[in-house]
Amino acid sequence: MKIVFVSNYYNHHQAPLSEEFYKQTDGNYFFIQTVPMEAERLHMGWGQGALPPFVIESYKDETTYQKCLNLIDSADVVITGSAPEKMIRHRIRQGKLVFRYSERIYKKPLQYLTLPLRFFKYHFDNFPSKNIYLLCASAYAAGDYAKTGNFIGKTYQWGYFPKVTHYDDIDELIEAKQPASLLWAGRLIGWKHPEVPIEIARRLKKEGYTFDLKMIGCGKLEGKLKDRIEKYDLSDCVHLMGAMKPEEVRSYMEKSQIFLFTSDRNEGWGAVLNESMNSACAVVACDAIGSVPYLLKDGENGLTYRYGDNEKVYQCVKSLLDHLDVCKIYSKNAYQSMTEVWNPAVMAKQLINQIEVMQK
């Protein structure tokens, strides 16, 4: 089976799944990268160094671009993410199997009421093929696309699958975590809501809790956050750590008991949820985030709250600090969710099996 994945650029979020596809197809897998990675992502440590042999940079020259088009046309299946529509147009018109890989498309409340005409025209008007399906990289993607009349009954639960680490002794890792340690990681921008953990810290300190909150990331809100930390006298317990490479973020996750994920519905998936659960953190997360309804079962492997319910998120964190035995149970269950179900090897195998069924 030949699988071709077409997307903007190859990164650490795509790498583990791609490596599994390559392995499970005996090397008959290709990742077509359509644009260079942005400087901001490179600054955040997203660069992978030397690209693996199955990655092809379609923009290098015309010969390479034509090679990519030939691969797309000859593949058994093409998975397409954020990529130029013209690259797969011929394949779709031929009625060959295509999976679109998408997060939700309506990230603003009531945005669907304007139903952008360009969306219909750009994606579907010229393509009569019925052999197109949707891999939902968000629990809300199927509903969003249904509002446009597309992919009804043709969606599959999917996501992003960062590297999964199997620890020799998960109980030892959990026991070694820094007591009362909280972690937040992401860009310091509005829809990530980095102000929420600082407000939680303010209330915890006011109630006499001893804790340590580390916040990893950089962004335009950094100055305002520093001002809040100073205003609330939190410099002894809240630390802005700056930007870090992905492996450094994972190291902090492994040492932290509680991970806070406070984004709103603009967070299409949120791979830090996979990573923090794999690192055996007890996660408190907003249910508007695309990955949360798929990965987190409230009260089983973490805690969730509705967007805007600042009292609930505070009570969730407070409860975990008050009941560290429960915190440890969530931590281990989160780890098992990643190692047993939501990992690249399992999901690659499941999709390959499904493709084989569809080809019969």
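The values are calculated or read from the model by the stated rules, or taken from the named source; none is laboratory data. The model shown is predicted, which means the values in this text are computed figures rather than measured ones. Counting neighbours? That spans all protein chains shown, and the Cβs are built from the backbone with ideal geometry, glycine included. For the accessible areas, the whole protein counts, side chains as well, though only heavy atoms, and no ligand, DNA or RNA atoms are used. Shrake-Rupley method; radii C 1.70, N 1.55, O 1.52, S 1.80 Å.
Okay, here's what the table says:
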| item | result |
| --- | --- |
| Span from the segment 220-238 Cα centroid across to the segment 146-164 one, whole angstrom | 39 |
| Helix 246-255 vs. the chain, principal-axis angle (Cα, 0 to 90°, nearest 10) | 40 |
| Estimated distance in nm for a label pair at Asp169 and Ile355, the labels positioned 7 Å out from Cα along Cα-to-Cβ | 4.1 |
| Zone residues, segment 149-178, relative to Lys332, backbone N less than 20 Å from point 7 Å out along Cα-to-Cβ | 165-178 |
| Hits among aspartates and glutamates - C-alpha to C-alpha of Lys163 under 16 Å, sequence gap 8 or more where chains match | Glu19, Glu20, Glu247, Glu248, Glu254, Glu275, Glu340 |
| Options (i) 21.4, 66; (ii) 27.1, 89; (iii) 23.3, 80 - which one matches Rg and Dmax of the Cα atoms in Å as calculated here | (i) |
| Which listed pairs, of Lys192/Lys318; Lys220/Lys318; Lys2/Lys245, have C-alpha distances above 27 Å, in listed order | Lys220/Lys318; Lys2/Lys245 |
| Percent carbon-and-sulfur accessible area, the chain, ignoring ligands, DNA and RNA, probe 1.4 Å | 49 |
| Whole-Å distance, taken between Cα centres, linking segment 47-86 and segment 10-36 | 10 |
| Peptide ranges 334-340, 265-271, 281-287 listed from the most packed, as the mean C-beta count within 10 angstrom indicates | 281-287, 265-271, 334-340 |
| Shape parameters for segment 254-360, alpha-carbon atoms, Rg then Dmax in Å | 15.2, 55 |
| Prolate/oblate/rounded call for segment 125-211, Cα gyration tensor, a/c under 1.5 rounded | oblate |
| Relative packing of 165-176, 11-22, 55-66, which averages over residues the other C-beta atoms within 10 Å, highest first | 11-22, 55-66, 165-176 |
| Counting DSSP beta bridges with both ends in the chain, the antiparallel % (nearest 5) | 0 |
| Between helix 344-359 and the chain: long-axis angle, C-alpha atoms, 0 to 90°, nearest 10 | 30 |
| Whole-number percent relative contact order across the chain, with pairs defined as alpha carbons under 8 Å at least 6 apart | 15 |
| Heavy-atom accessible area per residue - the chain, 1.4 Å, Å² | 46 |
| DSSP beta bridges in segment 125-242 [antiparallel fraction, %, rounded to 5] | 10 |
| Helix axis angle, 222-231 relative to the chain longest principal axis, alpha carbon, degrees | 20 |
